[in-house]
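K.L.:
Before anything else, here's the structure in question.
What follows is calculated from the coordinates using simple rules that are stated; it is not laboratory data. Here the structure is a predicted model, which means the values were calculated and not measured. Quick reminder, even Gly has a Cβ in these numbers, built from the backbone with ideal geometry, and neighbours come from all protein chains shown.
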């Protein structure tokens, strides 16, 4: 069983589930409650402002995304067996523990389940355009495993984009479940109030999506630095191979410093608008691990150093995800 968990990257799937729960219960549930509270302060009694996507449909959305992600992890290992035998031989599953044809069957089955669930959800909200998100994810993960993973930066950008799509997808489905009706209702009571609430939610979600993109881009490139030996053996053209280890390190450090600056910019608004709990949480559990990562990466020069830097990436990524729940209790 542990080999199957390793094959589908169970910890990564759990992070996705927590991210989606954070968007729904940490951000959107809080925003609707804030809307009710602010309307009461203005003298209006507004009932029924709550999460619009039902709990069962949210669980189905979570299941669809996790199935497609798990399928992508499996196909990545399927095509990456040769490299993994060089980079991390003790963690090879496909071809050693799980037969290749079984892995392919699991990949197709999980993608099928994910797309069927996605089709139902799109039918429910009467928007087949949203199905394109899931189809793009399936095709993107396949294309990444077969082609882009070995190419300069394009694979890293694709994976980071898919990760950033997770909070955006939750937001889009919440809005598609008749949230627009209640926002218009708020506008009728107080002109512009519903639009203001929508802008606030969009700003928060886009902020988390940008953080997800940048933090995962950093981690993907660091993993390429960790795997440079195996990638060289298969003729890959990853960033460390093309630019060299030192230049790639400076490139990653630049992205990390840029992320620190963006977080500091957000934190000044948190302090200004009296979100002090979230301010201190971001400082201790996101900024500090990120700065520590910068220090460790600066001094890294061998495989185990990059492996530790990759672990630090996951720590501040999880810290960022959990901040959505702190937003709920600290707002």
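K.L.:
Can you give the Rg to Rh ratio for the chain, taking only C-alpha atoms and Rh from Kirkwood?
P.N.:
Value, to two decimals: 1.00.
K.L.:
A follow-up question, please. Using Cβ contacts closer than 10 Å as the measure, can you line up 284, 36 from fewest to most?
P.N.:
284, 36
K.L.:
Grab the beta carbon distance between residue 253 and residue 129, set R0 = 41 Å, and tell me the FRET efficiency rounded to 0.05.
P.N.:
Using R0 = 41 Å, I get an efficiency of 0.55.
K.L.:
Give me the Kirkwood hydrodynamic radius of region 86-207 in Å, from all C-alpha pairs, to one decimal place?
P.N.:
Its Kirkwood hydrodynamic radius stands at 17.6 Å.
K.L.:
Evaluate the relative contact order of region 2-330 (contact order divided by residue number), counting alpha-carbon pairs under 8 angstrom at least 6 apart; express in whole percent.
P.N.:
Taking the mean separation of contacting Cα pairs over the length of region 2-330, I get 21 percent.
K.L.:
Taking every Cα atom in region 123-278, find the radius of gyration and the maximum pairwise distance Dmax, and write them in Å.
P.N.:
20.0, 65
K.L.:
Between 0 and 90 degrees, rounded to the nearest ten: what's the tilt of helix 179-189 against the longest Cα principal axis of the chain?
P.N.:
30 degrees
K.L.:
Moving to a separate point now. Tell me, what is the Rg over Rh of region 1-62, with Rh the Kirkwood radius over Cα pairs?
P.N.:
Checking Rg against Rh, the ratio lands at 1.24.
K.L.:
Another question, if that's okay. If you bin every alpha carbon distance in region 198-331 into 5 Å steps from zero, what whole percent lands in each bin?
P.N.:
Taking every Cα pair in region 198-331, the percentages come to 2, 10, 20, 22, 16, 11, 8, 6, 4, 1, 0.
K.L.:
May I pose another question? Could you give P(r) for region 38-139, binned at 5 Å from zero, as whole percent values over all Cα-Cα pairs?
P.N.:
2, 12, 17, 15, 12, 10, 9, 8, 6, 3, 2, 3, 2, 0
K.L.:
Which order do 77, 182, 227 fall in if you start with the one that has the fewest other Cβ atoms within 10 Å?
P.N.:
Ranked by crowding around the Cβ, least crowded first: 182, 227, 77.
K.L.:
Taking only the C-alpha atoms, wrap a convex hull around region 86-138 and report its volume per residue in Å³ as a whole number.
P.N.:
So the per-residue hull volume is 92 Å³.
K.L.:
If you take the beta carbon distance between residue 109 and residue 10 as r and set R0 to 25 Å, what does 1/(1 + (r/R0)^6) give as a FRET efficiency, to the nearest 0.05?
P.N.:
Rounded to the nearest 0.05, the efficiency is 0.90.
K.L.:
Scale the Cα Rg of region 199-249 by the rule-of-thumb value 2.2 N^0.38 Å and send over the ratio, two decimals.
P.N.:
Here the Cα radius of gyration is 1.56 times the empirical estimate.
K.L.:
Where does helix 193-226 land angle-wise versus the long Cα axis of the chain, in degrees 0 to 90, nearest 10?
P.N.:
Approximately 10 degrees, to the nearest ten.
K.L.:
If I fit a long axis through the Cα atoms of helix 131-146 and take the longest principal axis of the Cα atoms of the chain, what angle between them do I get, 0 to 90°, rounded to 10?
P.N.:
Around 20 degrees separate the two axes.
K.L.:
Need the full-extension length gain, residue 152 to residue 202, defined as separation in residues times 0.36 nm minus the C-alpha distance. One decimal, nm.
P.N.:
14.8 nm
K.L.:
Also, I was wondering about something else. Less than 18 Å from a label point 7 Å out along the Cα-to-Cβ axis of residue 260: which backbone N atoms in region 271-294 qualify, by residue?
P.N.:
280-294
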